[in-house]
Each structure stands twice: as structure tokens, then as C-alpha cells.
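Below you'll find the structure, written out as C-alpha cells, and then a few comments.
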Amino acid sequence: MVRKALGWLTFVMILAATYLVFMWVPNEKVMGPVQKIFYFHVASAWIGFFAFLIVFIAGIAYLSTRERKWDIIGVSSAEIGVMFTTIVLITGPIWARPTWNAWWTWDPRLTTTLVLWFIYLAYLLIRSSIHEEEKKARFSAIFGIIGFIDVPIVWFSIRWWRTIHPVVVDSSGFAMSSKMTTTLMFSLAAFTFLYFYFLSNSMFVEKMRTELVGIKESLRNRF
Amino acid sequence: MNYFNQIATLVRKDLASELRTKEMLSSMLIFAMLTTVVFSFAFDPDTETVKKVFPGIIWVAFIFAGIMGLNRSFGGERNNDCILGLMLCTQDRGVIYLGKTISNLVFMYIMEGITLPILFVLFDYRLKGSLLLLITVVLLGTWGFIAVGTFMSAMAVNTRNSEILLPIVLFPLIVPVLIAAVQATGIIVNGGNWADTVNWFRVIGAFDVIFTIVPWLLFEYLLEV
């Protein structure tokens with residue numbers, strides 16, 4: 001029930017965000033319509049980082065409580081995070097090509113995102129190479145913690161190189177018009193709902209899978 | 001036995017078994033040299049470009065050879081359930097981690113001590129900066145790599161496809177120490193001094209400390225029966 005309501009709410013939010021991005025917010029003066037990708041690019045990046053933070057928290061929670069639900073939250077979050085990071089890595093170059101005249105540069109933000117993507121691909125790979133449920137949960141919790149701690153160090157180590165990624169938000173506030181800020185904020189909210197909708201679905205699937213295993217087990221015992 | 005005695009005993013055990021077989025060290029050494037030779041084919045060693053990529057070549061050779069060693073590090077403990085024996089005779093699992101890290105470091109340092117001069121000879125490279133700084137960056141950079149590498153090796157050995165899994169999980173994690181070590185090495189071999197490299201040393205130092213303490217704390221969860 002809650003999952004369904006969340007689904008509809010997310011649907012309406014994403015629809016509204018799409019309207020704001022394509023119809024309501026004015027074009028950027030220099031870059032033109034291509035700048036509109038920014039609203040979904042930033043929202044995806046936010047969900048990516050948020051999802052990996054959840055993986056980190058779920059990892060700590062799993063190791064201290066050993067409850068299976070934390071493992072499910074962790075893996076669901078990691079999958080969503082990898083998906084949104086992939087979106088970031090695809091939408092970025094689409095924007096960068098006309099704006100920077102290059103698909104890719106080794107800027108700190110770009111490089112950190114790429115390394116992040118590799119770290120969580122490794123996370124999913126570790127899971128797929130372990131059979132035992134308990135060990136799978138334990139190892140991925142540990143790797144989720146190590147990987148997340150690594151991210152800030154990756155960021156600082158790459159930061160000494162020059163940066164050309166636009167800094168839209170700094171300590172003095174937003175470097176955008178108010179309509180743009182509203183649109184960005186709205187798409188961030190819409191994507192956050194999308195994240196929780198995916199998470200609830202993913203957890204639902206995982207729960208059904210566990211139930212299925214239980215049913216199979218009981219059938220095997222009966223016959 | 002106190003904590004340090006336990007670590008020392010484990011290190012002695014690893015060194016003794018390696019000294020008798022020389023399995024790991026010899027393959028690491030040969031692999032590092034082969035990597036170097038492959039590099040000299042890939043980049044013409046006479047040109048100016050090789051001067052620019054030289055620091056990178058050093059570290060790629062070290063890390064490729066290191067991965068080979070790390071794959072072996074816990075692999076040997078699987079025979080006859082040695083790892084269970086280690087877990088039973090130490091009070092704290094962190095001891096096993098620190099012991100393995102130190103013995104892996106010793107193997108790496110021996111390999112690097114032989115490979116580094118050979119690299120300078122093969123590429124006819126003149127060291128312009130201080131040798132002491134170069135040694136420091138090699139020692140500290142290797143420490144960071146091995147600290148997280150030993151931990152990941154213990155994890156990978158418990159999975160189905162450990163040999164291929166280790167590089168895939170390890171490479172993204174060591175990005176910071178690799179960047180910092182390559183940059184610092186580049187500055188030092190081109191005549192830079194301590195002030196030019198201090199920022200990179202900070203990155204390496206922070207990485208070393210964090211990725212020694214965190215794996216040491218988490219090792220208890222990694223090795224459960």
C-alpha cells in the first residue's frame with residue numbers, strides 16, 4: 001500500500017519536474033537548451049552519493065546487529081547507486097561535448113565519480129562471487145564501509161589537479177537564477193522520491209525471494 | 001605472549017616459509033622485471049616521453065607484482081586449514097592482519113629494492129632529486145598499497161574467483177595512494193625537494209594511517225568461522 005502510494009507520488013513528482021525543466025525554466029544564456037540536462041545530472045549525482053552513504057550506514061548497522069534487513073537495504077542501495085552514477089557518467093559527457101568541446105576531462109569531480117562507480121561495481125562483484133548468504137552480507141558490509149571511507153581521500157588526491165567542472169553551489173550560495181534554483185531543488189526532491197521508491201521495490205523483491213526459498217524448503221521437507 | 005610478540009611470531013613464520021620456497025618473491029621479481037621490459041617496448045626508451053612516464057612505469061610495475069604476491073598471501077593459509085589454526089592461537093584477529101601486512105611489506109621492499117635500480121639502468125634515467133626522498137616515497141606508498149591490499153586479499157581468498165577478484169576490488173581503492181605516489185616520485189626524480197612534495201606526502205600519510213587502522217578494526221568481522 002505504502003509502496004503503491006509512493007510509486008504514484010514519485011510518478012507525479014517526476015512528471016512535474018520534467019515540466020519544470022522543459023517548459024518552465026528559461027534557457028541558460030550562453031549554453032542554451034543543452035544546459036537543461038543539468039537538472040537531471042545533478043539530481044542523479046545526488047542520489048548516487050546518497051545511496052552510497054546508505055550502503056555505508058547499512059554496513060555498520062549489519063555488522064553490529066546482524067539483521068538481514070540491513071544487508072537487503074545495503075545491496076538495494078548499492079544497485080540503485082550504481083545505476084544513478086551510470087546516468088551521471090552518461091549525461092555528463094553529453095553536456096560536456098558542446099560546452100567544454102571534450103567528452104571527458106580528468107577533473108576531480110569526474111574522476112572521483114568514475115572511481116566511485118568502479119568501487120561499487122566491485123561491491124556488486126564481491127556479492128556475486130560468494131554463495132553463502134551470511135558471508136555475502138558480512139563481506140559486502142565490510143567493503144561498503146572501506147569503499148565509502150576511500151571516497152573523500154580519492155577526492156582530495158585528485159583535487160590538486162586543476163578543476164574545470166562548474167562550481168554551481170559554493171559558500172556564497174547558488175550561482176543561478178531563482179527559477180533555475182527552484183527547478184533544481186524540485187528535481188532533487190523528485191529523484192529522492194524515486195530513490196526511495198526503487199529501494200522499497202528492491203527490498204520487496206528481496207523479501208519475496210527469501211519467502212520463495214522458505215516455501216521451496218518446506219515443500220522439499222514434505223515430499 | 002603479548003600483542004607485539006604474537007605479530008613478530010607470525011611475521012617470522014611467513015618469512016621462514018617464504019625463505020624455504022621462495023615461491024612468492026621470485027615470481028614477484030620476475031614479473032616486475034617483465035613489466036619493465038614490456039614497457040620499454042610499449043614506449044620507445046630513447047625518447048623524451050619516457051622521461052615523463054617513468055614515475056608511472058615504476059609504480060605500475062610495483063603494483064602489478066604486488067598483486068601477484070597478495071594473491072598468494074592468504075592462499076597458502078588455506079592449505080590444511082592453516083587460517084583456522086592462526087585464528088585459534090591469536091587472541092585478537094587484528095594480530096593476523098598486522099602480521100600479514102608486515103610480512104607482505106617485507107617481500108615488497110625486497111622486490112622494490114632490486115627492481116628500482118634495474119629500472120633506472122634500463123631506462124638510462126638520472127636521478128636529479130634526493131635519493132632519501134625517493135626511498136621514503138617508495139616505502140610509504142607501498143605501505144598504503146599493502147595495508148589495504150592485505151585486507152582485500154584476505155577477503156578475496158574467501159570467494160569463488162579470488163585471483164581475478166582481487167585486482168578488481170583493489171585497484172579502485174588504491175587510486176589516491178597511486179596518484180600521490182606517482183606525482184611525488186615524478187617531482188623527486190626531476191629534482192624537486194621536500195617542499196614540492198609535501199602535499200603528496202600528506203595524502204599518502206593520511207591514506208596509510210586510515211587504511212591501516214580501519215582494516216585492523218574490521219578484520220575481526222572478516223575472519224569469522
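A few points about this structure:
- Mean separation of Cα pairs under 8 Å and 6 or more residues apart, divided by the residue count, gives chain A a relative contact order of 31 percent.
- Solvent-accessible surface (1.4 Å probe) assigned to A:K136 amounts to roughly 40 Å².
- 14 Å beta-carbon shell around A:E67, net charge (K/R +1, D/E -1): +1
- Remark: the B:F43-B:D196 segment gains 52.3 nm on full extension, using 0.36 nm per residue and subtracting the alpha carbon distance.
- Average Cα contact separation per residue, segment A:47-89, under 8 Å, 6 or more apart, as relative contact order %: 53 percent
- A:F196/A:T99 FRET efficiency (R0 41 Å; Cβ-Cβ; nearest 0.05): 0.80
- The Cα center of segment B:131-198 and the Cα center of segment A:1-38 differ in position by 43 Å.
- Cut-off under 5 Å, modelled amide H: who pairs with A:E28 long-range: A:Q35
- Accessible surface comparison of A:W24, A:W95, probe 1.4 Å, protein chains only, largest first: the order is A:W24, A:W95.
- Residue-averaged 222 nm ellipticity for the protein assembly as shown, from DSSP H runs of 4+ at -39500 (n - 2.57), nearest 500: -28000 deg cm²/dmol
- Cα-based shape type of the protein assembly as shown, given that a ≥ b ≥ c are square roots of the gyration tensor eigenvalues and the cut on a/c is 1.5: oblate
- Once exposed loop GluC sites (Glu not before Pro) are cut out (DSSP; at most 12 other Cβ, 10 Å), longest piece of chain A: A:133-223
- The listed residues B:F31, B:F39, A:F49 rank as A:F49, B:F31, B:F39 when sorted by accessible area, largest first, using a 1.4 Å probe.
- For the listed residue pairs A:K36/A:K179; A:K136/A:K207; A:K4/A:K216; A:K4/A:K207; A:K135/B:K13; A:K69/A:K136, the alpha carbons are over 19 angstrom apart in A:K4/A:K216; A:K135/B:K13.
- Against the criterion of solvent-accessible heavy-atom surface with a 1.4 angstrom probe, A:Y123, A:Y19 sort, most first, into A:Y19, A:Y123.
- When each full DSSP H helix of chain B is screened for a Cα extent of at least 20 Å along its own axis and an average Kyte-Doolittle hydropathy of at least 0.0, the helices passing are B:23-42, B:49-73, B:93-122, B:131-156, B:175-189, B:194-222.
- Shielded residues, segment B:149-166 - accessible-area loss of 30 Å² or more between chain alone and all protein chains, probe 1.4 Å: B:M155, B:N158, B:T159, B:R160, B:L165
- For the protein assembly as shown, the solvent-accessible area of protein heavy atoms averages 49 Å² per residue (probe radius 1.4 Å; ligands and nucleic acids excluded).
- With contacts taken as Cα pairs under 8 Å and at least 6 residues apart, chain B reaches a relative contact order of 27 percent.
- Accessible carbon and sulfur surface of segment B:3-222 relative to its total accessible area, %, 1.4 Å: 67 percent
The values are calculated or read from the model by the stated rules, or taken from the named source; none is laboratory data. The shown structure was predicted, so the numbers you read here are calculated from the model rather than taken from an experiment. Glycine gets a Cβ as well: all are built from the backbone with ideal geometry, and neighbour counts include every protein chain shown. Note: accessible area is taken over every heavy atom of the protein model, side chains too, but ligands, DNA and RNA are not part of it. Shrake-Rupley method; radii C 1.70, N 1.55, O 1.52, S 1.80 Å.
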